[in-house]
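*Asks:* This structure is in structure tokens; I'll ask about it shortly.
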Amino acid sequence: MNNQLLKPLLLVAVVLVLPLVAIAVWGESFRSVAERWQESPPARPTMALAIVAILASDVFLPVPSGPISTLAGSQLGFALGTAASTLGMTLGAGLAFGLARLWGRPLAERFSSTEQLVELEDACLQHGPWMLLLTRPLPILAEACALLVGALQMPWKSFLPTVVVSNSLIAATYSALGQQAVQRGWLPMAICASVAVPVALSWWWRKRLQQAG
């Protein structure tokens, strides 16, 4: 990952770090929700719409996509769970990116010189898609990256395909986990794992980025 993008990415991540605590706390809540929904699941269309709406609100709320997508796979099956989770995550990322494109530039200009912004924008064009692809599974860093590349005016034609591909892979992985977990009777354990593993990876990668910076 290009070093020019590391510092602003980490700065945005620091601003978003408080929701990481909420994500960790929500693990037990999602376990309880999963158990209740197993006993009395809502209708599939209602469930699918709820998944999309919850994941799309990610820019405003600390929404952990891992356990929600796992729950989607357990209740909707692999195909519909993957589709609903992909759509929800993509809408959430697109909203964050679009808002940053509209209002992030003036904020960036307050903290960076024109020359620095030009350098960051060039680095974003070259390395931004890879940075998006690699950070999508990681809490906080995923949101920070979407906001950063939006503020740096990455074109929609570069942002959207990258996010759709990455979100599809993430959604498929968690939906498959949820489907297998509910069939084998260990859905609560899968829900907890889908919270803990991304948080641990995000913490590890932020440490690596800090060392690289």
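Read-outs throughout are calculated quantities, based only on the coordinates presented, and are distinct from any laboratory measurement. Given the structure is predicted, the values throughout are model-derived calculations rather than measurements. Cβ sites come from the backbone with ideal geometry, for glycine too, and all protein chains shown count toward neighbours.
*Asks:* In what sequence do ASP122, ASP58 fall when counting other Cβ within 10 Å, fewest first?
*Replies:* So the ranking, lowest neighbour count to highest, is ASP122, ASP58.
*Asks:* Here's a follow-up. Could the peptides 141-150, 76-85 be put in order, highest first, of the mean number of other beta-carbon atoms found within 10 Å of their residues?
*Replies:* 141-150, 76-85
*Asks:* Continuing with this model, one more query. Can you put MET89, MET47, MET189 in order of Cβ neighbours within 10 angstrom, beginning with the fewest?
*Replies:* MET189, MET47, MET89
*Asks:* Among LEU187, LEU95, which comes first, then next, by fewest other beta-carbon atoms within 10 Å?
*Replies:* Result, fewest neighbours first: LEU95, LEU187.
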